[in-house]
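Input: a single structure, listed below in structure tokens.
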Amino acid sequence: MDQVVHDVLLVGGGGAGLRAAIAVAETNPGLSVGVVSKVYPMRSHTVSAEGGAAAVIRPEDSLEAHAYDTISGGDWLCDQDAVEAFVREAPKEMVQLEHWGCPWSRQPDGHVATRPFGGMKIERTWHAADKTGFHMLHALFQTTLRYPPIARYDEWFVTRLLVDDGRCQGVVAIELATGKVQALLAKAVIICSGGGGKVFRFTTNANIKTGDGMALAYRAGVPLKDMEFVQYHPTGLPFTGILITEAARAEGGWLLNKDGYRYLQDYDLGVPEPTPVKRSMELGPRDRLSQAFMGERQAGRTISSQYGDVVHLDVRHLGEAKIDKKIPFVRELCIKYQKIDPVKEMIPVRPVVHYMMGGIQTDLEGATLLPGLFAAGEVACVSINGANRLGSNSLTELLVFGARAGRAAAQFAGSQAAPSSALMAQAEDEERRLYRDFLQNSGGSERVSPLRDEMQDAMEEGVGIYRDEEGLLQAEDKIRELKERFQSVSIDDKSLTFNTELISVLELENLLDLSEVVVSSALARKESRGAHQRTDHPDRDDDNYLAHTMAYRSDEGAPRIEFAPVTITQWPPGERIYGS
């Protein structure tokens, strides 16, 4: 087996991964950096983010206000020291990104334009029209090309972390083009591979978001934190799940039920009036807007469609000129994928899974409990998002904690000896597993697609916007059954060149592990908080559950769930409201 050695290895080529790679190169230009991505970096899911990225810039705003909005929005499950670091470093990261070429939208006087976003009482969301993620990722990608030490492994899929002497020292990966299995060794590894929204069927997430990095760390003994908190975005297209950005509501869009009524006025969204800036009810937090949709459906006020119940998002009153200037991508998506023009017609929308607040447990520098392993972005839980992420915080999080993880990994790598030669035996074991269990195995009775469909059905039915113990236990039983059946899975394609069926089965293996962790964590939290709503435990319970869930892999079946304290610095738990 071939091996390549770097000082620092990145797993994931999206926003967090590229920002971390730049930080490594800037911290110590003498270090060799490798970026492993299962897609070409500009196809990473960061590219699809639309609405904007949050950072304090307006004179009426403050770091304290941004921190409070984030902590209150997270229903007091955020670690407040992490939030304070995040809001403090966000503005300089955003300015730096402009220096690297990100074309932020401007006001007529030349100042950076901001728009309101859900749960934030001040306009602090920077944007580049409604293609913010694309422009951010483009700027980061082009910037990495300035640094010769950064080598890329595009379209490589990581299957295992290599650990020796209690330290992570590399990965095993498959080159998709050739099927070659190779050891990529390093003194430090940073996982930046994104979330796992494909655990669910209806999601805004791309097909590549299968929780690979979370599963890699989990199998290596690193805990996954707060995995029960899965965010639904209230406005996804009903068939594809494609996101209709929150920017459409920030610019003045309305949510209407089947009677044409703005139903959100009948629900407690935690947005008292008056607020410091003029805002609409449609800019409540995402979890509460999704829950309001469920209330309308239960009352029979949603609209039946071929792909489930929907409500309407109406932006017609904004006019064609404003739509084309402020949210042109929304119009493009609706015309291409829904065959409607939002200038003239209302957009059918429904809640869809959008983001995982939980992930690999890290400290403020991105370090995990496994020395040598770091993580940043959606794959990580630092934790600034708590029980419910506020829209536009995630893109900024990629920058702030990607940079922090890169700097910390560079410093760690500079003090370590070369990777151990004993790692090659582990890598060869992994190569044998891949051939034995999948490429040479033809006797299995199970196939990838049915197992994945049943997993997604179980998660949609039992672990959705509202949950109870009975539904969670049914989902838990089903996931265990599917994991047992997975042992008999086989694939028909035995080739080595671009074997997408092999990648699909490996992704399913990751998704099943994540499904089990989400369900076990949701069962352990017997309260309702943020995106985790238990109908059998409808109240928030700070006495018993103002704590993070920590899921550890167990050889005895279900994950072992422990609880860890939430860091409180200056904002004691209070009523969850926005902008009083």
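The values are calculated or read from the model by the stated rules, or taken from the named source; none is laboratory data. A quick note: this is a predicted structure, and the numbers were derived from the prediction, not measured. Note: ideal-geometry Cβ built from the backbone for every residue, glycine included; neighbour counts use all protein chains shown. Please note that ligands, DNA and RNA were not included when accessible areas were found on the heavy atoms of the full protein model with its side chains. Shrake-Rupley method; radii C 1.70, N 1.55, O 1.52, S 1.80 Å.
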### Query
the range 409-474 to the range 4-48: how many Å between their Cα centroids?
22
### Message
Positive end of the dipole of the chain, charges at C-beta (+1 Lys, Arg; -1 Asp, Glu), about the Cα centre: which of 354, 319, 538 has its Cα farthest in that direction?
### Response
319
#### Entry: Rounded to the nearest 20 debye, dipole of the range 429-580 from Cβ charges on Lys, Arg, Asp, Glu
320
### Summary
For the range 430-574, whose charge dipole is built from +1 on Lys and Arg Cβ atoms and -1 on Asp and Glu Cβ atoms, the candidate among 499, 554, 475 with its Cα farthest towards the positive end is 499
#### Entry: Calculated Cα extents along the principal axes in Å (choose from (i) 64, 52, 50; (ii) 78, 58, 57; (iii) 87, 72, 50), label
(i)
### Message
Using a 1.4 Å probe on the protein heavy atoms only, what accessible surface does residue 256 show? Give it in Å² to the nearest 10.
### Response
10
## Note on the structure
XL table 131/322; 258/478; 131/339; 38/187; 121/325; Cα-Cα > 27 Å flagged, in table order, is 258/478
### Query
What are the ³J(HN,Hα) values, in whole Hz, obtained from phi via the Karplus relation 6.51 cos²θ - 1.76 cosθ + 1.60 with θ = phi - 60°, for each residue of the range 173-187 in sequence order, with x given for Gly and Pro?
9, 9, 7, 4, 5, 10, x, 5, 9, 9, 8, 10, 9, 7, 7
### Task
Would you mind checking which residues have amide H under 5 Å from residue 179's amide H? H placed 1.01 Å from N; only 5 or more apart, or other chain.
498
### Task
Just order 294-307, 92-105, 50-63 by mean Cβ neighbour count inside 10 Å, highest at the front, would you?
50-63, 92-105, 294-307
### Query
Averaged per residue, what accessible area in Å² does the range 356-496 show with a 1.4 Å probe, protein chains only?
37
### Query
Measuring from centroid to centroid over Cα atoms, what is the spacing of the range 213-228 and the range 80-115 in Å?
31
### Task
Summarise the accessible area of the range 164-275 (1.4 Å probe, protein heavy atoms) by the percent that is carbon and sulfur.
49
## Note on the structure
Sorted by chain and number, the residues with a modelled amide H under 5 Å from that of residue 162, at a separation of 5 or more or across chains, are 169, 170, 171, 172
### Message
Rolling a 1.4 Å sphere over the protein heavy atoms, what is the accessible area per residue of the range 58-184, to the nearest Å²?
### Response
34
### Summary
In terms of the charge dipole of the range 38-168, which places +1 on Lys and Arg and -1 on Asp and Glu at the beta carbon, the residue among 138, 49, 122 farthest towards the positive end is 138
### Query
In terms of modelled amide H atoms, which long-range or inter-chain residues lie less than 5 Å from the amide H of residue 232?
354
### Task
Please report, as a whole percent, how much of the solvent-accessible surface of the range 333-457 comes from carbon and sulfur atoms (probe radius 1.4 Å).
49
### Query
Roughly how big is the chain's charge dipole about its Cα centre, with Cβ charges of +1 (Lys, Arg) and -1 (Asp, Glu), in debye to the nearest 20?
1520
### Query
For the range 4-67, what % of the accessible area comes from carbon and sulfur atoms, probe 1.4 Å?
57
